[in-house]
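Computed from the coordinates by the stated procedures, all read-outs in this text should not be read as laboratory data. Bear in mind the structure is a predicted one, so any value in this text is a computation, not a measurement. No Cβ is skipped: glycine too gets one built from the backbone with ideal geometry, and neighbour counts run over all protein chains shown.
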């Protein structure tokens, strides 16, 4: 990464951290984009170069995580779609565990905001859509079946994450994920 890219990455991280800190202190709804820009020592215009909406600033790594998920799904192209999905989510569990502090903070902010709770459903829907596309391509079956499987998997992942957050990220997220997938396999397999 060149100097320009490093500066952009630092500015983006500064904005994301300022947003999270303000959301924690004031709440999402009470925080303005101008507040975030001022806290990060950038202009309002600069904020919009990095985040299209205030909601996006609350989920600053969502797009990168989704890209990583897609890359993980495509890495094991020869494996069964179900196995690829499980392995991709388990790999992400390691990433989530490494970033547990920020994710716990983000989870508290989201839980306190009806706006962010609704936005999180949109984020989950994007993951579900990408997973359904991957399952549909590989299975070659009806799109409805791929969507049902993707919905079930995302639901199981959501429950595993909720259990992890409820334990203040003190449990083994990968173990929760393996347990969730085992339950689905018994019911769907």
* To do: Kindly state, to the nearest 0.05, the FRET efficiency for residue 152 paired with residue 126, given R0 = 22 Å and r defined as their beta-carbon distance.
  => 0.85
* To do: Only one of the values (i) 52, 37, 28; (ii) 47, 43, 32; (iii) 48, 34, 28 was calculated from this structure for Cα extents along the principal axes in Å; name its label.
  => (i)
* To do: Provide the gained length on full extension for the span residue 41 to residue 144, in nm with one decimal, where the gain is 0.36 nm per separating residue minus the Cα-Cα distance.
  => 32.3 nm
* To do: Treat each spin label as a single point 7 Å out from the Cα along the C-beta direction, and report the residue 25 to residue 167 distance in nm.
  => 3.4 nm
* To do: Determine the shape class of region 3-54: with a ≥ b ≥ c the square roots of the Cα gyration tensor eigenvalues, call it rounded for a/c under 1.5, and otherwise prolate if a/b is greater than b/c, oblate otherwise.
  => prolate
* Asked: Among 113, 74, which comes first, second and so on when ranked by fewest other beta-carbon atoms within 10 Å?
  -> 74, 113
* Additional length obtainable on full extension of the chain from residue 49 to residue 67, 0.36 nm per residue less Cα span -> 4.5 nm
